[in-house]
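No value in this document is a laboratory result; all are computed from the given coordinates. Note that the structure is a prediction, hence the values are computed from the model and not measured. Note: ideal-geometry Cβ built from the backbone for every residue, glycine included; neighbour counts use all protein chains shown.
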Amino acid sequence: MYPGQFEYHRAASIKDALDLLKRYGDDAKLLSGGHSLIPMMKLRLAQPAHLIDVTKIAEMRAISESNGKIVIGAAAAHDTVANSSLVRDKLGLLAEAAAAIGDVQVRNRGTIGGSLTHADPAADYPAAVLALEGEIKLEREGGSRTVKAADFFLDLMTTAVQPGELLSQISFAPIPAGAGYSYQKYPHPASGFAMVGVAALLSLDRSGKIASARVGVTGLGPKAFRASAVEAALAGKSADAATIAAAAAKTADGIDALGDIHASSEYRAELARVYARRAIQAAVARAKA
Amino acid sequence: MRVNLTVNGQPRSDEIEPRLLLVHYLRDVAGLTGTHVGCESTLCGACTVLLDGKAVKSCTVLAVQADGASVTTVEGLAKDGKFHPIQDGFWEEHGLQCGYCTPGMMMAAVDLLSRTTNPSEDEIRHALEGNLCRCTGYQHIIKAVQYAAEKMRAAAGR
C-alpha cells in the first residue's frame, strides 16, 4: 500500500510552515509523526498534494516549564511525553495516558499534536487533556489564539483548528500536590485504541471529602468529553465506594454512544461506567487528604 | 528528492519519490530484505526497524522522514561475524517457527533492552505488544528476550 503522490516540504520554523500552508491551502496537510495521516493516505481517505513536515522545528518538539505552566510541543512523540521527568513529576495523568497509547513503535513516532488534531474518537490523549484542562495554542498568519480543551473537540474527527492554522503546543497547569489521578482504558485487542478510556483527576479536602473532580472520557461518543454529571455527583461528597459507583453510573448519560462490530453502543456505555468507576477509585486511592 | 541517511552504519544518499515508505526504501533501494512487509497497516510489527535507536514500524514512516537519521535493520545486528545476543536468544530458545515476524520481534526487543537491562516477563510482553506472531504462542520469544537480557548483563559485568 503506497500513499498517493505528493510533494514533500520540510518547514524550518513555524512561520515557514504557515507560509507553506497559505501557499498550498486545501491541497496541503501538516505532517508530524504521520501515524494517523500516512494510514489515511494509504487508504486514499486523504490525498494531499503537499505535505508540510513540522517535526524539524525544534520548539515544536520541546517540553518545558515556563510561567508556572508545563508546555508540550505538538510534535513531541508519545514516548517522549510518557518518559519526560517533567511530565511524570507534574502532569502524571498525561504521562499515564501517553504510555497507554498503542504500542511502543506507535509511541516512538506518533505525536500529541497529531493525535489531538486527528481527533479520533478512540484516541487516548483527549480524555487526559480534557481532565487536565489543557490549553491548545493555534498559530496563524500574524498571530495565534488559545483554545481550551473543552472547546477544541467539536465532533467526530473535527476540531476547532481552522484552515491555515497550526497546532504548535499544549500547555497545562501542573497537577496540585496531593491530587490523585488515573487513566483507565479498555484497549481494543488488535489496534490498542481505547474502546473506552477514562481520565480522572481529583482533590480531597482535609476531611477526606472530594473537593473537586474532573473526568474526561474517550471512546464512548463521537468526540471525547468531560463527564460533568459525574463530576457534579462527586464534588463535596465523601470518597466512598457507594458515592463513586453512583457517580460513575452517570458517565454515559446524554451521550450518543458509538456502536460498531467491536462493541454495541449499550456495551460501550457499560464499559464507560465500569472504567469511570475504576479510574475514580484509583485516583482517590492516590490522592492525599 | 534526495535523502541522506545511515543504514547499519553505512552512509547512503539516494534520489527517491517522497511517497516511498521506509520499508520499501530498505528492501528495494538499499537491498536489505531482512525487514519484512507484513500487514502494511501499523499493526503487525513485521517491518520494525530502529530509527535513531528507537523501534518504529517502517511501513508507516516515509523514507523522507528518515532523512538525516540512522536506521538499524536486522542485518545490522550481528557484528564482526558474531550474532547479537538477541539473535543468539532466538536461536537457543527456539524463538521462531516460520520466521516471518522474527526480524521485527528482534528489533522491538533491542529497543526494550536499550531501556532496561533486566526486564520482567510482563515488561517483555508489554514491549512486544506491537508485534504479532502467528506460530509460536510467544512463550519461546519471551524466553529468547530473557536469554539475551541475561547474556547482555553478563557481558556488561552486571
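Find the centroid of the Cα atoms in the stretch A:51-130 and in the stretch B:81-158, then give the distance between the two in whole Å.
28 Å
Please list, ordered by chain and number, the residues whose modelled amide H lies under 5 Å from the amide H of A:A194; skip anything fewer than 5 residues away on the same chain.
Answer set, sorted by chain and number: A:D124, A:H188.
I need the phi-derived Karplus couplings for the stretch A:282-289: 6.51 cos²θ - 1.76 cosθ + 1.60, θ = phi - 60°, integer Hz, Gly and Pro marked x.
So the Karplus estimates, Gly and Pro as x, are 5, 5, 4, 4, 8, 6, 10, 6 Hz.
How much length would be gained if the chain were fully extended between B:N118 and B:R12, taking 0.36 nm per residue of separation minus their Cα-Cα distance, in nm to one decimal? Intermediate values should be presented prior to the final figure.
Details: separation 106, 0.36 × 106 = 38.16 nm, distance 3.49 nm.
Extra length from B:N118 to B:R12 when fully extended: 34.7 nm.
In the protein assembly as shown, if the dipole is taken from +1 on Lys/Arg beta carbons and -1 on Asp/Glu beta carbons about the Cα centre, which of A:A229, A:G197, B:H24 is farthest to the positive end?
Going by the charge dipole, the pick is A:A229.
Per residue of A:104-116, what is the mean number of Cβ atoms on other protein chains within 10 angstrom of that residue's Cβ? Each step should come with its number before you reach the end.
Numbers: counts 15, 20, 9, 3, 12, 9, 2, 0, 0, 0, 0, 0, 0.
Per residue, the average neighbour count from other chains is 5.
Counting Lys and Arg as +1 and Asp and Glu as -1, each charge on the Cβ, what is the dipole of chain B about the Cα centre in debye, to the nearest 20?
Details: 15 positive and 18 negative charges, 34 e Å.
Dipole magnitude for chain B comes out near 160 debye.
In terms of Cα to Cα distance under 18 Å, which lysines are near enough to B:K143, apart from those fewer than 8 places away along the same chain?
Partners found: B:K151.
For chain A, what does the helix formula give at 222 nm: sum of -39500 (n - 2.57) over DSSP H segments with n ≥ 4, over the residue count, nearest 500 deg cm²/dmol? Don't jump to the answer; show the numbers that get you there.
Numbers: 12 runs with 98 residues, N = 289.
Theoretical 222 nm ellipticity from helices: -9000 deg cm²/dmol.
Given a cut-off of under 8 Å on Cα pairs at least six residues apart, what relative contact order in percent is computed for chain A? Let's see the in-between values first.
Values: 688 pairs, mean separation 44.9, N = 289.
For chain A, the relative contact order is 16 percent.
Residues with amide H under 5 Å of B:L62's amide H, sequence separation 5 or more or different chain, H placed in the peptide plane at 1.01 Å from N; which?
Answer set, sorted by chain and number: B:L22.
May I ask you to order B:122-128, A:19-25 by the average number of other C-beta atoms within 10 Å around their residues, highest value first? Can you show the working numbers first?
Values: B:122-128: 17.4, A:19-25: 15.9.
Going from most to least packed, we get B:122-128, A:19-25.
What ³J(HN,Hα) values, in whole Hz, does the Karplus curve 6.51 cos²θ - 1.76 cosθ + 1.60 give for the stretch A:15-26 when θ = phi - 60°, with x put for Gly and Pro?
After applying 6.51 cos²θ - 1.76 cosθ + 1.60, I find 4, 4, 5, 5, 4, 5, 4, 5, 5, 9, x, 5 Hz.
How crowded by other chains is A:4-17, given as the mean number of beta carbons from other chains within 10 Å of each beta carbon? Don't jump to the answer; show the numbers that get you there.
Details: counts 1, 3, 4, 3, 8, 1, 5, 0, 0, 0, 0, 0, 0, 0.
Mean number of neighbouring Cβ atoms from other chains: 2.
Among the lysines, which have Cα under 26 Å from the Cα of A:K15 when same-chain residues fewer than 8 positions away are ignored?
Partners within reach: A:K29, A:K56, A:K69, A:K137, A:K148.
Scan around A:L30 for amide H atoms under 5 Å from its own, H built in the peptide plane at 1.01 Å from N, and keep only partners 5 or more places away or cross-chain.
A:I52
Given the DSSP H assignment, sum -39500 (n - 2.57) over each helix run of at least 4 residues in chain B and divide by its residue total; what's the result at 222 nm in deg cm²/dmol, nearest 500? Before the final figure, lay out the partial values.
Numbers: 4 runs with 46 residues, N = 158.
Only helices count here, giving -9000 deg cm²/dmol.
Report, to the nearest 10°, how far helix B:139-155 tilts away from the longest principal axis of the Cα atoms in chain B, using its own Cα long axis and a range of 0 to 90°.
Between helix and principal axis, roughly 90 degrees.
If we count every other residue with Cβ under 12 angstrom of A:A229's Cβ, Lys/Arg +1 and Asp/Glu -1, where does the sum land?
On the way: positive: A:R226, A:K250, A:R273; negative: A:E231, A:D253.
Every neighbour counted, the sum reads +1.
Magnitude of the Cβ-charge dipole of the stretch A:140-289, K/R +1 and D/E -1, about the Cα centre, nearest 20 debye?
On the way: 17 positive and 12 negative charges, 125 e Å.
Its charge dipole is roughly 600 debye.
Give me the net charge for the shell around A:T218: Cβ to Cβ below 10 angstrom, other residues only, Lys and Arg +1, Asp and Glu -1.
Numbers: positive: A:K185, A:K223; negative: A:D120, A:D124.
Counting the neighbours of A:T218, the net charge comes to 0.
Take every residue in peptide A:18-27, count the Cβ atoms of other chains within 10 Å of its Cβ, and give the average of those counts.
Taking all residues of A:18-27 together, the mean is 0.
When the Karplus curve 6.51 cos²θ - 1.76 cosθ + 1.60 is applied with θ = phi - 60°, which whole-Hz ³J(HN,Hα) does each residue of the stretch B:66-74 get, with x for Gly and Pro?
With coefficients 6.51, -1.76 and 1.60, one gets 8, 4, x, 9, 10, 10, 10, 10, 4 Hz.
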